[in-house]
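A.B. asks: The structure that follows is given in the form of structure tokens.
The values are calculated or read from the model by the stated rules, or taken from the named source; none is laboratory data. All of these numbers come straight from a predicted model, not from anything done at the bench. Cβ sites come from the backbone with ideal geometry, for glycine too, and all protein chains shown count toward neighbours. For accessibility, only protein heavy atoms count, side chains too; no ligands or nucleic acids. Shrake-Rupley method; radii C 1.70, N 1.55, O 1.52, S 1.80 Å.
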Amino acid sequence: MVHFKTLPNGIRLVVNEMSSLMSVTMGILVHTGAAYETDKEDGISHFIEHMMFKGTKKRTAFAISDEMDRIGAQMNAFTGKDCTCYYAKSTTAHAAEAFEILADLFLNSTFPEEEAVKEKGVIIEEINMTEDTPDDLCLDILSRAFYGERGYGRNILGTRENVNSFTKTDVDEYMSKYYTTENIVISLAGNIDIKLAEDLALKYFSHLNRKNFDRGEIQVNLAGQALYRKKEIEQIHLAIAFPSLNRNDKLFDATQIMNAILGGSMSSRLFQTVREELGLAYTVYSYVSAYNECGALTVYAGVNSDKYLQSVEAIYKCIEQIKKKTITEDEFIRGKEQLIASSIFSQENTSSQMLLFGKELLYNDKLYNFEERVNRISAVTLNDVFEAIDLNFDEKGKASAIVGAVDKPL
């Protein structure tokens, strides 16, 4: 059973009651992230997410984790390009306690200066770790090559200089702008009584005042660049991105089916050709990342340094064959079944359900509907996939990134 309520101050609450389970996942989602930051703010969404765990008015950083551990609960958070989420998972018996701790963290964090100094060092080590993780680095560079320096092209972690410069005033100003009631969704999924969930949301969040809010638009200006980073490592890591469809486009499901055929699974053309047939890569795949305004179809591979041009050629041959609409009925059915199955699997996971319902409210202000989703996928035809192909491989907007022992871009 799904319950939806808008609190008097504008916060939206959604509860997916899954009474056959013994646990519940609860999340507080904010419609902001790296894509909404200015140059000065670059990295601040992620910095705030880290600092939320460093103490509240009544709990130290240790007490937050200790009290969660004492009830066997788990708590974490993540920052994305257009969403920041704080979440916890607990047994049903301890749901009220876990929600209180999560709410305290979200509403009453004090951002102590001595903790901020230490956490800046932690985040800089996270930046260093990304620099030493070539596949992550490659995809970060690709994002910048595709979208440019701002908006969806921003690195979520920010720069070392910015991270070191953030002050409590910077945090307060940013949170005052984006951590507002109409920009927040509370989402719970699992075995929790709906009345209890509503009572908890009202108890801890109803005191927040509504204020005028304008999130603003994310400007999308595709850069279409080819970038590279020279690193003396064993492999070449390469990625190519093509302009794709936004997540609400009528052909988005058809695009996902096409992607499953191209590189979304072990039976896909990229995997079977580049890895199994030619032995050029251990890792090769494609994926679609979509936002409200735009999307990207990305191909990634980690390949042998001496044969990376051969790998690129093999990847492009797969793409060219897709563009010629050589997809068979058998491939189409397999891709559709994969997409339907992933939706069904998500139904059995409280964390997935919390995010599905939370994000649908956050981005589109409507309830996620599983049956409607499956019916929409089921209705996709092979001709829809062919139509999607025509909209997904624009060479003019293409971007690429390489990390490895190279002296020039792709």
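A.B. asks: Val284 fails exactly one of the following numbered conditions: (1) on the phi > 0 side of the Ramachandran plot; (2) part of a strand (DSSP E or B). What is the number of that condition?
C.D. replies: (1)
A.B. asks: Continuing with the same structure: Looking only at region 183-197, which residues are surrounded by fewer than 17 Cβ atoms within 10 Å (Cβ to Cβ) and either in contact with a Pro (Cβ under 9 Å, 6 or more places away or on another chain) or not hydrophobic (A, V, I, L, M, F, W, C) (or both)?
C.D. replies: If the condition is that a residue be surrounded by fewer than 17 Cβ atoms within 10 Å (Cβ to Cβ) and either in contact with a Pro (Cβ under 9 Å, 6 or more places away or on another chain) or not hydrophobic (A, V, I, L, M, F, W, C) (or both), then Asp193, Lys195 are the ones that fit.
A.B. asks: Would you tally the residues in region 44-64 being of a type outside the set (A, V, I, L, M) and surrounded by fewer than 17 Cβ atoms within 10 Å (Cβ to Cβ)?
C.D. replies: 4
A.B. asks: Now for a different question. Quickly run through region 151-180 and pick out the residues that are among the acidic types (Asp, Glu) and free of Cβ contacts under 8 Å to residues at least 60 places away in the same chain.
C.D. replies: Glu161, Asp172, Glu173
A.B. asks: Additional query: So, in region 238-254, how many residues would count as being assigned to a helix (DSSP H, G or I), crowded, with 24+ Cβ neighbours inside 10 Å and within 18 Å of the chain's Cα centre (by Cα)?
C.D. replies: Number of matching residues: 0.
A.B. asks: What pairs come up if the first residue lies in region 181-192 and is without any contact (Cβ under 8 Å) to a residue 60 or more places away in the chain and of a type outside the set (A, V, I, L, M), the second is surrounded by 24 or more Cβ atoms within 10 Å (Cβ to Cβ) and not in a helix (DSSP H, G or I), and their beta carbons are under 7 Å apart, counting only those six or more places apart or on different chains?
C.D. replies: Qualifying pairs under 7 Å: none.
A.B. asks: So, in region 70-112, how many residues would count as being in contact (Cβ under 8 Å) with a residue 40 or more places away in the chain and either assigned to a helix (DSSP H, G or I) or touching a Cys at 6+ places or on another chain (Cβ under 9 Å) (or both)?
C.D. replies: 15
A.B. asks: For region 359-372, enumerate the residues that are more than 14 Å from Lys5 (Cβ to Cβ) and open to solvent by less than 80 Å² (accessible area, probe 1.4 Å).
C.D. replies: Across region 359-372, the qualifying residues are Lys359, Glu360, Leu362, Tyr363, Asn364, Tyr368, Asn369, Phe370.
A.B. asks: While we're here: Please list, ordered by first then second residue, the pairs with beta carbon atoms under 7 Å, 6 or more apart or interchain, first in region 387-410 and within 15 Å of Asp249 (Cβ to Cβ) and open to solvent by 60 Å² or more (accessible area, probe 1.4 Å), second of a type outside the set (Ser, Thr, Tyr) and at pLDDT 95 or above.
C.D. replies: Going by the 7 Å Cβ cut-off, the qualifying pairs are Glu387/Leu251; Glu387/Ala254; Leu391/Leu245; Leu391/Leu251; Asp394/Phe242; Asp394/Pro243.
A.B. asks: Where residues in region 65-75 are surrounded by 14 or more Cβ atoms within 10 Å (Cβ to Cβ) and not β-branched (Val, Ile, Thr), which of them is nearest to His31 (Cα to Cα)?
C.D. replies: Per the criteria, the residue is Met75.
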